[in-house]
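**Q** To start, I am sharing the structure in question, which I have written as structure tokens.
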Amino acid sequence: MAGADGDDSLYPIAVLIDELRNEDVQLRLNSIKKLSTIALALGVERTRTELLPFLTDTIYDEDEVLLALAEQLGNFTMLVGGPEYVHCLLPPLESLATVEETVVRDKAVESLRKISQEHSPVDLEVHFEPLVKRLASGDWFTSRTSACGLFSVCYPRVSSTVKAEIRQHFRTLCSDDTPMVRRAAASKLGEFAKVLELDYVKSDIISLFTALASDEQDSVRLLAVEACVSIATLLPQEDLETLVMPTLRQAAEDKSWRVRYMVADKFSELQKAVGPEITKNDLVPAFQNLLKDCEAEVRAAAANKVKEFCENLPEDSRETIIMTHILPCVKELVSDTNQHVKSALASVIMGLSTILGKDNTVEHLLPLFLAQLKDECPEVRLNIISNLDCVNEVIGIRQLSQSLLPAIVELAEDAKWRVRLAIIEYMPLLAGQLGVEFFDEKLNTLCMAWLIDHVYAIREAATCNLMKLVEKFGAEWAQNTIVPKVLGMANDPNYLHRMTTLFCINSLSEACGQEITTKQMLPVVLKMSNDQVANVRFNVAKSLQKIGPVLDSNALQSEVKPVLEKLSTDTDMDVKYFAQEALSVLALA
Amino acid sequence: METTKLPPTSPSSPTTGFSVPSAEKVDGFPRRSMRRARQRRSHSSSQFRYQSSQVELTPLPLLKDAPVAELHDLFCKKLQQCCVLFDFLDCVADLKGKEIKRAALNELVESVATSRGVLIEPLYPEAIKMISVNIFRTLPPSENPEFDPEEDEPTLEASWPHLQLVYEFFLRFLESPDFQPSMAKRYVDQKFVLQLLELFDSEDPREREYLKTILHRVYGKLLGLRAYIRKQINNIFLRFIYETEHFNGVAELLEILGSIINGFALPLKSEHKQFLVRVLIPLHTAKSLSIFHAQLAYCVVQFMEKDATVTEYIIRGLLKYWPKTCTQKEVMFLGEIEEILDVIEPSQFIRVQEPLFKQIAACISSPHFQVAERALYFWNNEYILSLIEENCQVILPLVFATLYRVSKEHWNQTIVSLIYNVLKTFMEMNSKLFDDLTASYKVEKQKELKRERERTELWRGLEEKQERRLQTLGEASRNQRNLLERGEPSQPSSPQTALPEQPDTDLSGASSTT
């Protein structure tokens, strides 16, 4: 260490500071990002006495530079001499925690939270906590917002007098004049509650929670819903009814849809936090209301939670509750006017079959699945199809297959290529569920038709799909059903289709194995090396490179090598390039 | 009470004459898609679960037929009748009720606008209640989450047939010669104003237009609310800038502020300066700047005209937030700078000329020709040209190198010829300085290259040093790890977690700067 410190004189601080002050923002930014290099060059002492004061003073800069600085300082503990000096980092971070730009402030708070852990309990009280207090009573809202995120990290490690002060500061910020600060406080309420002693949770946090949950601004109220989850988890069951439930009930019926949306979005967490009894008495009717909400956003959020909510219902009454309370709402949602609601429901509804068992599924859910399979919106149909495995486990897929087929065919021919792409991606899954027989009979033609789709992305996905099917059904199936068709396309008049043959071979050769590749595929590829379109020829070279490892050395030497050599003297430079590359990769050169 | 038939509703009912603000008036173009938007189901969902409390309306006698003694009572009853809300998403539901309410609203508007002595004290709470019940609602979620006010058609408020009349009534109420601020202030309070301000987020431009006029009247007549209104507008803007980046009524609020700023007393209070520096200037960072830039620039210039000493804050603020990647915004910034320079005091100009012309030089060398062109147009402005001429000694050296280089390199011929004109102007202004700069151009270039080499050298040295240092630290931490393996408790922050991430990124960073 001493030796390295010896040549500090090489880098006078002024030169380094000039770098940090460079007129060009980009250069300044680069320098700040390498602040640790500068600090290392200066050594710990001069970093503390010269670099940090400079950084604290010149905090007026572009936000991008400040962001980089805020991030760097969070990792600076060792560079200022370890935990015993870590408090030197507080002044610049304090200034950064007051700037206007949210991203910078958040980063500064993140760094402060990080280094707070490196403070000794004494330093925490002497240096860190006063900083939090200063921020909490700052003039402009930015510093007060930042303070909100710092209470919970110092609270557990300070004396009880200081704890009382911290609680008082938090209380003040919860009723701050500006909604920005109240929002920040509300978003940290749960986190702060977690580090408080239970008595104070009951005496302090609950009143703050109740006040924030009835704030005049809905943006504050909705954050209280999040806090509700943490608070309910902390309290003993017998206190929930009096301390939390009145507020939660009110939130579920808030006049602002944003608050109701938040309740719907956090429903599973809330359900776990309040326990089975309250769920039965309160949350079930609340959930019904959310599923019937007048705002589509809320209904969609609630629909997303249907499966999770049902899963977590207490076992003894689960089936009754679902059948009498939830299912009627679900039935209505199937024919909702809003497609997002229907598609949210479609993404979870299949999960209900595992919970309700075979008979109920056949009697009550199946009609809903079938209705959604015929929905006008492709996303709804896709969501049903993508979750078929849940139903398959319970009732087998046969019940559905009659309706499934038209739905799949329709999606497969949808005018939007993204829809076609989505259904292709489910093909391997469907093939597995439906079995090889059904597949050959009904779906095989579709899979082959995608190979000549006019959108490249679809052709590409189709080749990939074939590979997955071969992995599922085996090489023999491939040899009988798809390989002949794929190879047949090599004579197609359209060069794009001829190239598709090559792409298919690229992805199939490995799954099909050496025998099929050498005997059936290789001759076709070799023959295509005489194609008149250069794109086909250089793809032949690429294909040979790709399937080379599957072939034996005899075939490589006697068949592949001469063709590649011929291609490497092609008139087209791309063909030459890829032929030479293949020769060298396959070590034939 | 006497039984009457439905009040007559001729197509030329008085309201059609009143409906001043409408979407057409905003930009002068008929909105093609208004019809489409309506068909497509425009949201209202104004009120949450109002269906439950549906009452059947019965038509009341006409106001104009009522004997004077009963007029106020009838007026009050009509106000109460208008508190009933209707479902406009279902356009055939309760047509009779809707028609009764519409007619009643029409009558109320007409009565408040034309007859004197109607507004007596007991009517204030009833009127404000009727207005609150109708207009205050949580705005529905946008039908199009990525709603782009420049590209997309707004979703229109479905209940507009009633809502418009309620707004019209409110406006007439505020503008009535009988209106008594001292009575109104008991009902039009802070809570009321806060809700009114939140409505500016409405996607429907017709609604925002009404709100704008109404808020303006409230600000003008209820003096006690002024500070509160300004503070809440601040909060809305700050939320817009730093939290949500979404608020539909920024332009309208700025328009009101424009006239508020106009009325500020001198010297400016620090509250107002703070508003300029911490709210108006940061508003320039918004992604959707183009929608409200005209109003914003107007406010900024208003401030300058009030008090020239804020000029430096403004220019330095704009330079701080100068767009880095969005050329469209850059052009807007240049436009605003020109508006500012148009009214700048020469003494203030001297304080900002250096950073300002560095930025202008950077714009001139922009590969985007519209940016370069917009910056070069400054030289066509007589007043700016006179300022440049007075300070030629300072400005010419700042921009010379750029002009010289860009005149040889720019791809766009228009830019090249504009630059020749500017160079010519400078030559005529101060030929001696111009010649000196031309002569020293090459030398300066060389110096710059040399500085660049020195920088690279410096960083290479620093990085080598860091390498060495890391090696020693690495050894130290290895030793420490050996110690730990012998069973010592681990420390929360060991040096190996804090440092080794640095060197790779640093080295690559260094090579890219050379």
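The numbers here are math on the coordinates, done by the rules we state, and not lab data. Every value quoted in this text rests on a predicted model; they were computed, and no experiment measured them. No Cβ is skipped: glycine too gets one built from the backbone with ideal geometry, and neighbour counts run over all protein chains shown.
**Q** Any idea what diffusion coefficient segment A:423-535 gets from Stokes-Einstein, in µm²/s, Kirkwood Rh on alpha carbon pairs, 20 °C, 1.002 mPa s?
**A** Translational D for this selection: 151 µm²/s.
**Q** Now a separate question. Could you pull out the trypsin sites (Lys or Arg not before Pro) across segment B:184-246 that fall in loop regions by DSSP (anything but H, G, I, E, B) with no more than 11 other Cβ atoms inside 10 Å?
**A** Filter output for segment B:184-246: B:Arg186.
**Q** How many nm separate the modelled label positions at A:Ser335 and B:Arg478, each set 7 Å beyond the Cα in the direction of the Cβ?
**A** A separation of 7.6 nm, rounded to one decimal place.
**Q** If you don't mind, another one. Just grab the label-to-label distance for A:Thr445 and A:Gln514, each label 7 Å out from Cα along the Cβ direction, in nm (one decimal).
**A** For the pair A:Thr445/A:Gln514, the computed spacing is 3.9 nm.
**Q** Starting from the 7 Å offset along Cα-to-Cβ, what nm value, one decimal, do you get for the label separation of B:Arg451 and A:Thr233?
**A** 5.5 nm
**Q** When the Cα centres of segment A:168-236 and segment A:289-347 are compared, how far apart do they sit, in Å?
**A** Rounded to whole Å, the Cα centres lie 29 Å apart.
**Q** Summarise the partner chain shielding of A:30-42 as one whole number: the mean count of Cβ atoms from other chains within 10 Å of each residue's Cβ.
**A** That works out to 5 on average.
**Q** Counting only other chains, what is the mean number of Cβ atoms within 10 angstrom of the Cβ of each residue in peptide B:230-240?
**A** Going residue by residue through B:230-240 and averaging, the value is 2.
**Q** Between the alpha-carbon centers of segment B:364-381 and segment B:148-165, tell me the distance in whole angstrom.
**A** Cα centres, segment B:364-381 to segment B:148-165: 39 Å.
**Q** What are the trypsin sites (Lys or Arg not before Pro) within segment A:542-589 that DSSP puts in a loop, where the Cβ has at most 14 other Cβ atoms within 10 Å?
**A** Passing both the DSSP loop test and the Cβ count: no residue.
**Q** Also, I was wondering about something else. What are the ³J(HN,Hα) values, in whole Hz, obtained from phi via the Karplus relation 6.51 cos²θ - 1.76 cosθ + 1.60 with θ = phi - 60°, for each residue of segment A:524-539 in sequence order, with x given for Gly and Pro?
**A** Values, residue by residue: 5, 4, 4, 5, 6, 5, 9, 4, 7, 8, 4, 4, 5, 5, 6, 6 Hz.
**Q** How would you rank A:328-336, B:406-414, highest first, on the average number of other Cβ atoms within 10 Å across their residues?
**A** Ranking the peptides A:328-336, B:406-414 by packing returns A:328-336, B:406-414.
**Q** List the lysines whose Cα sits under 29 Å from the Cα of B:Lys78, skipping any in the same chain fewer than 8 residues away.
**A** List returned: A:Lys255, B:Lys5, B:Lys64, B:Lys96, B:Lys98, B:Lys101, B:Lys129, B:Lys185, B:Lys191, B:Lys212, B:Lys221.
**Q** Another question, if that's okay. Using a Förster distance of 22 Å, how high is the FRET efficiency between A:Met323 and A:Lys292, based on the Cβ-Cβ distance and rounded to 0.05?
**A** 0.80
**Q** Now, a different point. What is the order of A:Thr445, B:Thr309, fewest Cβ neighbours within 10 Å to most?
**A** Ascending Cβ contact count within 10 Å gives the list A:Thr445, B:Thr309.
**Q** A further question on this structure: Could you tell me the distance between the Cα centroids of segment A:67-89 and segment B:243-282, to the nearest Å?
**A** 38 Å
**Q** What Kirkwood radius, in Å to one decimal, follows from the Cα pairs of the protein assembly as shown?
**A** Taking the inverse mean of 1/r over all distinct Cα pairs, the protein assembly as shown comes out at 36.0 Å.
**Q** While we're looking at this one, here's another question. Could you list the residues of segment A:186-227 with an amide nitrogen less than 15 Å from a label point located 7 Å from the Cα of B:Phe136 in the Cα-to-C-beta direction?
**A** What the label zone holds, given the 15 Å backbone N cut-off, is A:215-218.
**Q** Sticking with this structure for a sec: Fewest to most neighbouring Cβ within 10 Å: what's the order for A:Cys174, A:Cys464?
**A** A:Cys464, A:Cys174
**Q** Hey, another quick one. For B:Cys392 and B:Ala308, calculate 0.36 nm times their separation in residues minus their Cα-Cα distance, and state this gained length in nm to one decimal.
**A** The span from B:Cys392 to B:Ala308 would gain 28.0 nm if fully extended.
**Q** Let me ask another. Go ahead and run the numbers for FRET between B:Gln180 and B:Arg226, Cβ-Cβ distance against an R0 of 30 Å, rounding to 0.05.
**A** Given R0 = 30 Å and the Cβ-Cβ separation, E is 0.95.
**Q** Scan segment A:46-116 for chymotrypsin sites (Phe, Trp or Tyr not before Pro) in coil per DSSP, keeping those whose Cβ has at most 11 other Cβ atoms within 10 Å, and list them by number.
**A** A:Tyr60
**Q** Which three numbers, in whole Å and largest first, are the semi-axes of the equivalent ellipsoid of segment B:187-266 derived from its Cα gyration tensor as √(5λ)?
**A** Rounded to whole Å, the semi-axes are 19, 15, 13.
**Q** Report the calculated FRET efficiency for A:Leu198 and A:His454 (r = Cβ-Cβ distance, R0 = 45 Å), to the nearest 0.05.
**A** About 0.10, to the nearest 0.05.
**Q** Residue by residue, what Karplus-based ³J(HN,Hα) values in Hz, rounded to whole numbers, does segment A:375-387 have, using 6.51, -1.76 and 1.60 with θ = phi - 60° and x for Gly and Pro?
**A** 4, 6, 8, x, 4, 4, 4, 4, 4, 5, 4, 6, 10
**Q** Across segment B:241-258, in residue order, what do the Karplus-derived ³J(HN,Hα) couplings come to in whole Hz, using 6.51 cos²θ - 1.76 cosθ + 1.60 with θ = phi - 60° and x for Gly and Pro?
**A** Karplus values, whole Hz, x for Gly and Pro: 6, 9, 10, 9, 6, 9, 6, 6, x, 4, 4, 5, 5, 5, 4, 5, 4, x.
**Q** Okay, moving on. Where does chain A land on the Kirkwood hydrodynamic radius, alpha-carbon pairs, in angstrom?
**A** Mean inverse Cα-Cα distance, inverted, gives 29.8 Å.
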